[in-house]
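*Asks:* Sharing a structure, written as structure tokens. Questions coming.
The values are calculated or read from the model by the stated rules, or taken from the named source; none is laboratory data. No experiment lies behind these values; they were computed from the predicted model shown. Note: ideal-geometry Cβ built from the backbone for every residue, glycine included; neighbour counts use all protein chains shown. For the accessible areas, the whole protein counts, side chains as well, though only heavy atoms, and no ligand, DNA or RNA atoms are used. Shrake-Rupley method; radii C 1.70, N 1.55, O 1.52, S 1.80 Å.
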Amino acid sequence: MKNIVVVGAQWGDEGKGKVVDILAPYFDIVARYQGGHNAGHTVRIKDLGFVLHLIPSGILHPQCTCVIGNGTVVYPRAFNTEIQELNRLGIDCTGRLFVSERASLILPYHMAIEQAREEQLAENRVGTTMRGIGPAYEDKAARKAIRAGDLLHSEVLRAKLNDNIADANRELASMGAPTLDPGQVFEEYVDESSTLLPFIRDTATLINNAVKSGKSILLEGAQGTMLDVDHGTYPFVTSSSATAGGASTGTGLGPKLITGVLGMAKAYTTRVGGGPFPTELVDDTGTYLQRRGNEYGASTGRPRRTGWFDAVVVRYSAMINALDALALPKLDVLDEFEQIRICTAYTLNGQTVETMPYSAATLAECVPVYETMPGWKSKTSGITKYDELPAAAKNYIRRIEELTGTPVALISTGPERDETIIRDNSAIAAWMTR
Ligand code: GDP
Ligand code: IMO
Ligand code: MG
């Protein structure tokens with residue numbers, strides 16, 4: 001049995017899309033378990049870049065079945081756009097992409113509410129992707145979400161929509177924002193959802209039957225551990241369970257059936273949106289990392305904040321997700337540095353802090369303790385064999401392994417599929433067999 005979770009170990013954008021694309025040929029099903037079209041997962045094949053938002057990155061492999069699990073939130077218009085883009089590339093999703101009937105839907109009022117609230121928060125705003133993610137998960141927790149399965153029952157849909165829009169309009173009016181017409185939303189939504197209907201299934205049964213018949217599942221996380229609604233830098237988080245535990249609740253694959261967890265941690269750190277970021281570099285080095293790493297949001301185009309590798313963050317992620325191994329993308333971005341810093345702990349009011357403080361306000365007060373390592377000042381881009389890495393790069397990787405207590409099984413040295421090192425005898429090498 002082989003059912004593996006790929007989870008972001010930082011604040012998202014660690015390179016999950018690239019690694020899922022590399023692993024997908026060795027799995028039968030690739031499933032998304034949380035989040036929505038706030039995600040932007042890039043896969044690069046021979047100068048062509050594909051950005052997947054909601055549909056699993058396995059869709060580029062014709063032998064893979066893809067599942068959008070019950071833990072996700074689905075916006076039909078975004079789903080249509082993605083299906084059309086894939087069709088244009090000659091990729092047909094029919095019969096190999098399924099959307100859980102239990103997935104909650106995003107509706108236009110979710111975006112309207114999010115926009116009005118973020119405006120009110122002013123400088124305290126979360127800096128969300130404005131995709132309606134938070135308000136959609138609120139409806140789910142409030143037990144009033146409209147779910148994908150409801151699209152198949154027009155009267156249920158109309159009744160729920162009327163109730164929910166009445167609530168939403170009260171909130172919108174209280175914030176001085178324009179209200180929505182339920183009749184118009186219903187007509188437009190039914191029309192936009194027609195593409196989605198044939199994809200809706202009981203995906204928990206589909207996945208469990210597949211496992212029973214010996215098939216393997218790759219569970220593709222979106223966002224990252226520091227954006228998880230429980231374990232992240234709350235309230236500057238997304239509204240779903242991005243950590244490995246979410247893979248079970250978000251698909252219906254019982255925890256005992258998950259056999260491995262891969263954490264994604266890029267060789268430095270980035271964050272999009274608001275919230276504390278202890279190792280952030282608001283200087284020329286930060287700008288350099290942003291440019292050389294091409295750190296602009298794959299979904300929103302916003303520049304990503306950049307900083308040194310934070311081992312406190314990744315150590316915490318290793319614990320929360322029980323990581324078997326780390327994948328370390330973007331090593332090549334550090335090629336020109338004379339010296340590279342790693343944050344090993346924080347100090348707070350004269351005390352050393354080695355685990356993540358629960359409060360974002362406290363984290364904002366934490367000062368990183370840095371260890372400085374010599375850079376390698378040579379080109380690692382495109383290297384595919386560990387032995388060919390410069391000694392200083394190997395030392396950097398070894399130090400990350402020590403500080404996080406997790407073996408680095410994959411190193412990525414460029415955006416292309418083949419710009420990748422897989423360590424011999426590693427967990428990933430074992431997963432990359434049929
Ligand atoms: P995800 O959200 O975790 O899938 O990551 P994103 O796709 O949002 O961001 C990762 C970005 O880094 C994409 O533009 C990738 O093409 C790029 N990338 C991935 N791995 C590497 C690498 O090893 N080196 C470089 N230079 N770029 C990489
Ligand atoms: P991938 O899967 C990086 C961030 C937003 C914001 C916070 C809440 O590509 O790694 P939301 O719209 O989810 O309510 O926004 O989370 N965020 C991401 N940051 N990568 C992502 O996805 C993200 N998805 C959401 O910037 O700070
Ligand atoms: Mg991304």
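*Asks:* For segment 160-170, check the following and say yes or no: at least one residue is under 21 Å from ASN38 (Cα atoms) and either assigned to a loop (DSSP other than H, G, I, E, B) or not hydroxyl-bearing (Ser, Thr, Tyr) (or both).
*Replies:* Looking only at segment 160-170, we keep the residues that are under 21 Å from ASN38 (Cα atoms), and these are none.
No, there is no match, as no residue in segment 160-170 is under 21 Å from ASN38 (Cα atoms) and either assigned to a loop (DSSP other than H, G, I, E, B) or not hydroxyl-bearing (Ser, Thr, Tyr) (or both).
*Asks:* Then there's this: Which of the residues that make up segment 317-357 are at negative phi, without any contact (Cβ under 8 Å) to a residue 12 or more places away in the chain and loosely packed, with under 15 Cβ neighbours inside 10 Å?
*Replies:* Scanning segment 317-357 gives a single hit, GLN351.
*Asks:* Let me ask something else about it. Report every pair of residues separated by at least 6 positions or lying on different chains whose Cβ atoms are under 7 Å apart, first residue within segment 130-154 and on the phi > 0 side of the Ramachandran plot, second open to solvent by 60 Å² or more (accessible area, probe 1.4 Å) and not aliphatic (A, V, I, L, M).
*Replies:* What qualifies is MET130/GLN115.
*Asks:* Would you confirm whether or not segment 413-425 contains a residue that is out of contact with any helix residue (DSSP H, G or I) (no Cβ under 8 Å at 6 or more places or on another chain) and without any contact (Cβ under 8 Å) to a residue 24 or more places away in the chain?
*Replies:* yes
*Asks:* Give me the pairs, please: first residue somewhere in segment 18-42 and over 19 Å from ILE207 (Cα atoms), second residue anywhere and outside any helix (DSSP H, G or I) and of a type in the set (Phe, Trp, Tyr), beta-carbon distance under 8 Å, and either six or more positions apart or on two chains.
*Replies:* As it stands, the answer is GLY36/TYR75; HIS37/TYR75; THR42/PHE50, since those pairs meet every condition given.
*Asks:* If you take the residues in segment 177-232 that are outside any helix (DSSP H, G or I), polar (S, T, N, Q) and in contact with a strand residue (DSSP E or B) (Cβ under 9 Å, 6 or more places away or on another chain), which one is surrounded by the most Cβ atoms within 10 Å (Cβ to Cβ)?
*Replies:* GLN223
*Asks:* Could you grab me the full set of residues in segment 150-176 that are surrounded by fewer than 17 Cβ atoms within 10 Å (Cβ to Cβ) and of a type in the set (A, V, I, L, M, F, W, C)?
*Replies:* If the condition is that a residue be surrounded by fewer than 17 Cβ atoms within 10 Å (Cβ to Cβ) and of a type in the set (A, V, I, L, M, F, W, C), then LEU152, VAL156, ALA159, ALA166, ALA173, MET175 are the ones that fit.
One line per residue, one yes/no per condition, for (1) touching a His at 6+ places or on another chain (Cβ under 8 Å); (2) closer than 28 Å to LEU389 by Cα; (3) more than 14 Å from ligand 2 (Cβ to nearest atom):
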| site | (1), (2), (3) |
| --- | --- |
| PHE236 | no, no, no |
| THR243 | yes, no, no |
| ARG291 | no, yes, yes |
| PHE309 | no, yes, yes |
| ASN321 | no, no, yes |
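*Asks:* Of all residues in segment 51-70, which are open to solvent by 10 Å² or more (accessible area, probe 1.4 Å) and over 19 Å from TYR26 (Cα atoms)? I'd like the intermediate steps shown before the answer.
*Replies:* Of the residues in segment 51-70, the ones open to solvent by 10 Å² or more (accessible area, probe 1.4 Å) are 51, 53, 60-63, 65, 70.
Result: VAL51, HIS53, ASN70.
*Asks:* Is it the case that segment 105-124 has a residue that's within 29 Å of VAL30 (Cβ to Cβ), in contact with a strand residue (DSSP E or B) (Cβ under 7 Å, 6 or more places away or on another chain) and of a type in the set (D, E, K, R)?
*Replies:* no
*Asks:* Does THR94 satisfy the condition of being open to solvent by 20 Å² or more (accessible area, probe 1.4 Å), over 26 Å from ARG201 (Cα atoms) and among the β-branched types (Val, Ile, Thr)? If you could, list the steps in order and put the result at the bottom.
*Replies:* Working: open to solvent by 20 Å² or more (accessible area, probe 1.4 Å): yes; over 26 Å from ARG201 (Cα atoms): no; among the β-branched types (Val, Ile, Thr): yes.
In short, no.
*Asks:* Further question: When you go through THR306, THR279 one by one, which is the residue that is among the hydroxyl-bearing types (Ser, Thr, Tyr) and away from ligand 3 (no atom under 15 Å from the Cβ)?
*Replies:* None of the other options fit; the residue is THR279.
*Asks:* Within segment 259-272, is there a residue that is outside any helix (DSSP H, G or I), farther than 29 Å from GLU416 by Cβ, at pLDDT 95 or above and open to solvent by 10 Å² or more (accessible area, probe 1.4 Å)?
*Replies:* Checked segment 259-272: no residue is outside any helix (DSSP H, G or I), farther than 29 Å from GLU416 by Cβ, at pLDDT 95 or above and open to solvent by 10 Å² or more (accessible area, probe 1.4 Å).
*Asks:* Specify which of the listed residues (GLU123, GLU101, GLU119) is among the acidic types (Asp, Glu) and modelled with pLDDT of 95 or more.
*Replies:* GLU101
*Asks:* With GLY252, GLY297 as the choices, which residue is of a type outside the set (D, E, K, R), more than 16 Å from ligand 1 (Cβ to nearest atom), farther than 15 Å from PHE337 by Cβ and surrounded by fewer than 23 Cβ atoms within 10 Å (Cβ to Cβ)?
*Replies:* Values: GLY297 fails: more than 16 Å from ligand 1 (Cβ to nearest atom).
Sole residue among the options that is of a type outside the set (D, E, K, R), more than 16 Å from ligand 1 (Cβ to nearest atom), farther than 15 Å from PHE337 by Cβ and surrounded by fewer than 23 Cβ atoms within 10 Å (Cβ to Cβ): GLY252.
*Asks:* Among the residues of segment 237-258, which ones are out of contact with any Phe, Trp or Tyr (no Cβ under 9 Å at 6 or more places or on another chain), more than 16 Å from ligand 3 (Cβ to nearest atom) and part of a loop (DSSP other than H, G, I, E, B)?
*Replies:* Selection gives THR243, ALA244, GLY252, GLY254, ILE258.
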